[in-house]
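Step one of this worksheet: look at the structure below.
The values are calculated or read from the model by the stated rules, or taken from the named source; none is laboratory data. Since the model is a prediction, treat every value here as computed from it, not as a measurement. All Cβ positions, glycine included, derive from the backbone under ideal geometry; neighbour counts span all protein chains shown. Note: accessible area is taken over every heavy atom of the protein model, side chains too, but ligands, DNA and RNA are not part of it. Shrake-Rupley method; radii C 1.70, N 1.55, O 1.52, S 1.80 Å.
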Amino acid sequence: MAVSLLQQLNGERVVVLLYIIRILFSTPLSLLPEACSLSLLSLFALCVEISADDDSNPLANYFRTRPGASSGILLGAVTLPGVMVSRLIQSLRAFALQEVGIEEIEYLKLQFWAASAICFTVLVFLCIIVPFVSQSQAISCLIFFFFLQFSALAGWPVALMALWVLCHGFTAVKLLQRIMRTFPACASIGESLLVTTGLVIYFGDMLAYTAARIPSFLASSKALLVLYGIKRSEIGTIIQGVIIGLLIFPIFYKYSIQLWESFTSLSSSRDLGNYEMRRSLVFYASLMFMLAMVVPSWMQLVHSFQMHPLLWVFHFVFLEPFKSLSLCAYWLVMIYFSVRKFYNISKNSKTERILLRKYYHLMAVSIFVPALIFQPRFLDLAFGAALAVFLLLEIIRIWKIWPLGHLVHQFMNAFTDHRDSDLLIVSHFSLLLGCALPIWLSSGFTDRPLAPFAGILSLGIGDTMASMVGHKYGVLRWSKTGKKTIEGTAAGITSVLAACFMLLPLLAATGYIFTLHWFSLIVAVTISGLLEAYTAQLDNAFIPLVFYSLLCL
């Protein structure tokens, strides 16, 4: 069995296993159940991926995946659990220094077991619908996972834990099926699994956070007591409320349209233009109701805002008006001239679109690095606002809402590549989240100063230099069928290391005291660079998370 697995290892799988081995090597004995679970998950996902990528497998009968991409099951299954273990290792260091409380350790453990439960359940589901692996082996892995989980959380009520695991796993399976069927040929299984895991954890955290504010629930659940002990910032609460509100808004709008059409169905004739305008009015009215009434009401419930949350945002922005407004003006100027220039180039130039898109990666560096060093809290809020705008524009584009739907679709098509489709455009989301997630995950204590810069360094500098150098000077390819070159990968790794050398003195000048481990930094940069070279998945989504988790070690 071991020999056959080794024969099936390709470049991407080897790099992912190196990523897991690096995390396990740094895991202390106090996290032994988590380390065993991550190891079991990796082996299980590897077996499923090997069978799923076989030419004779019938997986295509169930899901239409993105053309040209492998299944990506191994990378999609281990990325978020690996991030959670790395954060646990970092939090244990902080706990030893009395920088964080035990509640935060317990909270991160809950997040890890939630992510692992989701991935294990999805893998078992894949084994059931298509006989990749023996179903008895799959169920044995799931039972062993439950044993590890209950041993790690022995003090928790068994019934509560079983219900918690089943809810996360069942919800993830249903959501994965819905994503793959609603947006066919838009993503691989690994990419869909990453999105599914993140969304289920995010929604589950919101529900638990809400229930923790209800005294009857709070008194009956240790899990909610832990969540209640975690201090949430106003910015985090606002971002979570707005993002989740926009994610569930299409469902709310769908039922609003059905209700409106039921009242207007008695009309014998219906002009198409007037119908589209009225449908758009329903859309904007529903959106205003969601963002101005429903979402702020939830924010007021879970966090003791002294004023309306929208007013709190204005108060926060104008608390230091010169710094905030100057930064906003700088961003607007950079975005305006960059978008205008590259949009015209994309229409008139024969330059490959993938290279034009790399200029936006460089623009992300010039925009985000100064803000992250000098205005990190304002940058958190700005990331949330930008993500909300992107979500709203994508909803308008998909639903073809008058009068912006066609214009947004035409504009966004100028920046798409082979990983996008007319049905769903994800590149701008992945770039924004790739830069934002390491920053959001680093909120609070961090003794690794480069960890918040993981997305900016890997995407804005490493990925960009690898593409440009590889396209212009690359000769030696990593594989016969791929386009990635050894020269490009070397340039990406070298440029990230050089950027780290230049960035550390700036951080030291701002008063940041830290201990740097150069060997760990070189290993982190090398593994993330090799992953960019080998993976066929959406690298903007995976590489920043992998790089972030390695920088935390």
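Counting charges near ALA524 (Lys, Arg +1; Asp, Glu -1) among other residues having Cβ under 11 Å from its Cβ returns a value of +2. Note on LEU362 and ALA385: their simple-model spin labels are 2.7 nm apart, each label 7 Å out from Cα toward Cβ. Net charge of the neighbourhood of TRP331, taken over other residues with C-beta under 15 Å away and scored Lys/Arg +1, Asp/Glu -1, is +1. Accessible area per residue was computed with a 1.4 Å probe on protein heavy atoms; LYS254 scores about 100 Å².
Computed from the C-beta positions of SER30 and PHE170, the FRET efficiency with R₀ = 35 Å rounds to 0.70.
For the residues PHE263, PHE125, a 1.4 Å probe over the protein chains yields an accessible-area ranking, largest first, of PHE263, PHE125.
At q = 0.13, 0.15, 0.18, 0.28 Å⁻¹ the log10 of I(q)/I(0) for segment 429-501 amounts to -0.45, -0.57, -0.73, -1.12, computed by Debye summation with a single uniform scatterer per C-alpha, solvent ignored. Note on exposure: THR196, THR27 ranked by accessible area (1.4 Å probe, complete protein assembly) read THR27, THR196, with the most exposed listed first.
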